[in-house]
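Q: Just passing along the structure, written as structure tokens.
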Amino acid sequence: MLLLGVTVILQSASSREAVATSAPVYSWVIFCAGILLGWRFKRSQLVVALAVLFAADRAMAAFPAAGPNALVGRTVYAAVALLLPLDLAALAWLSERTMATWAGRLVQGAILIQPLAIALLLRPELTLVAQGLQREVALAGMHITKIPAVALLAFLVALVLTGLRFILRRTVIQASLAWALLAALLGLNGDGPAATMYLATGGLVLIVSLIETSHRMAFSDELTGLPSRRALTDALMRLPEAYTVAMIDIDHFKKLNDEFGHAAGDQVLRMIGSTLTRTEGGGRPFRYGGEEFAVLFPGKSVEEVLPHLEDLREAIEASSFTLRGRDRPKIRPEKPVRGSGGRRKITITVSIGVAEPNGGGAEPDEVIRAADQALYHAKRTGRNRICVADG
């Protein structure tokens with residue numbers, strides 16, 4: 001949507017003068033803000049990507065491909081068009097963790113020496129190489145794009161590599177790098193302000209991905225995929241006066257962890273989280289912490305939600321949870337392989353405490369505490385049951 005919006009603006013004749021004057025400011029604001037945010041959130045992958053886009057934009061602005069220094073400008077443009085897609089593709093195949101490894105340092109080192117490589121390309125001895133990089137694609141005598149043939153091939157390879165990386169690792173960051181690469185392609189096919197607008201918008205896409213990733217980390221539980229405790233607190237602040245909270249705890253979870261290991265415990269948590277997403281009656285599940293979950297029923301009374309919670313409790317008890325063997329391969333083999341450890345089926349039960357703000361006067365944290373007390377009463381009186389908080 002951001003790229004489409006920029007395209008519409010650039011196609012409007014009435015906005016061309018405004019774009020010409022505001023494009024440099026837009027670029028400086030986006031890239032400086034993005035680099036500061038990336039540094040603040042310790043996202044070196046995005047910081048380097050933003051720096052690469054900004055450097056490409058400033059290089060083409062400092063050495064325009066028209067005017068008295070057109071020869072230098074065309075050489076700089078051809079080098080930027082070749083290196084930029086390869087840099088973004090290389091960054092896409094890294095992650096925040098691998099940025100500090102030898103592979104990440106190799107990519108960052110290669111990016112740092114590129115200005116020197118471009119400076120060497122401007123020497124008279126390498127004129128033939130520079131002219132080869134500037135050769136454009138022609139079809140039936142017509143130039144179909146201003147991007148040189150070698151750079152166009154680099155973009156094609158980069159798009160394939162970035163797309164493959166996104167297929168293998170579907171994250172917001174990977175998607176943003178793919179969109180930034182597309183923005184670079186559009187920008188390098190434009191002139192002056194248009195190139196700056198597209199490259200800066202590619203940077204804006206990276207900033208949006210940083211904000212979205214940070215929001216997901218804060219409001220989503222990575223293990224189960226459910227909204228986190230912070231998301232529950234946020235939701236409680238916007239609820240109507242009538243609502244019901246159910247606190248759910250997995251019975252004997254510590255014993256399960258001690259006996260079968262933390263990997264088995266994580267498997268059970270994911271299974272419970274998946275089951276909770278099928279809660280009926282308008283219930284919204286959250287991962288509260290540890291082995292504890294919460295289900296929020298906006299606009300519902302305890303009497304209305306008890307049948308749905310009972311169905312949920314029975315469904316979990318009736319489910320057969322199969323623990324993976326320790327030697328189970330991460331990727332499913334083409335032919336079944338008998339594991340040495342076998343698989344173990346266990347029964348999982350949950351205890352549930354339910355509370356509502358009687359009379360609408362109770363604060364959300366008070367309702368949570370009441371549901372927690374009812375939950376602990378359920379565990380003390382035998383587990384695998386539902387207890388309602390005292391009115």
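Q: Could you rank Arg216, Arg97 by how accessible they are, 1.4 Å probe, largest area first?
A: Ranked list, largest accessible area first: Arg97, Arg216.
Q: How much net charge surrounds Leu306 when only the other residues with a Cβ under 13 Å from the Cβ of Leu306 are counted, with Lys and Arg +1 and Asp and Glu -1?
A: Taking every other residue near Leu306 into account, the sum is -4.
Q: GNM, the chain, Cα, under 10 Å: largest mean-square fluctuation among Ala56, Ala20, Ala178?
A: Ala20
Q: Okay, moving on. Have a look at the chain and give its Rg and Dmax from the Cα atoms, expressed in angstrom.
A: Using the Cα atoms of the chain, the pair Rg, Dmax is 28.6, 88 Å.
Q: Just want to confirm a number: the relative contact order over the chain, from Cα pairs under 8 angstrom separated by 6+ residues, in percent.
A: Once divided by the residue count of the chain, the mean separation gives 13 percent.
Q: Restricting to DSSP H runs of at least four residues, report the calculated mean residue ellipticity at 222 nm for the chain, -39500 (n - 2.57) per run over all residues, nearest 500 deg cm²/dmol.
A: Helices in the chain give a 222 nm mean residue ellipticity of -19500 deg cm²/dmol.
Q: For the range 139-220, what is the convex hull volume of its Cα atoms per residue in Å³? Walk me through the intermediate numbers first.
A: Values: hull volume 6.7 nm³, N = 82.
Expressed per residue, the convex hull around the Cα atoms of the range 139-220 is 82 Å³.
Q: If you count only protein heavy atoms and use a 1.4 Å probe, how large is the accessible surface of His308, to the nearest 10 Å²?
A: Number for this one is 50 Å².
Q: Related question: State which entries of Lys300/Lys379; Lys254/Lys300; Lys345/Lys379 exceed 29 angstrom in Cα-Cα distance in the structure shown.
A: Listed pairs above 29 Å: Lys254/Lys300.
Q: So what is the orientation-averaged projected area of the range 161-272, using the convex hull of its C-alpha atoms, in nm²?
A: 11.1
Q: Under 13 Å Cα-Cα from Lys146, which aspartates and glutamates qualify once same-chain neighbours fewer than 8 residues away are excluded?
A: Within the straight-line cut-off, Lys146 pairs with Glu136, Asp191.
Q: What's the local net charge at Ala149, with K and R +1, D and E -1, over the other residues with C-beta under 13 Å away?
A: That works out to +1.
Q: Given a 1.4 Å probe and every protein chain left where it sits, what share in percent of the accessible area of the range 166-288 is carbon and sulfur?
A: Percent of accessible area from carbon and sulfur atoms in the range 166-288: 57.
The values are calculated or read from the model by the stated rules, or taken from the named source; none is laboratory data. Note that the structure is predicted; figures quoted are calculated from it, not measured. Cβ atoms come from the backbone with ideal geometry, glycine included; neighbour counts cover every protein chain shown. To get the accessible areas, we keep the full protein, side chains included, count just its heavy atoms, and leave off ligands, DNA and RNA. Shrake-Rupley method; radii C 1.70, N 1.55, O 1.52, S 1.80 Å.
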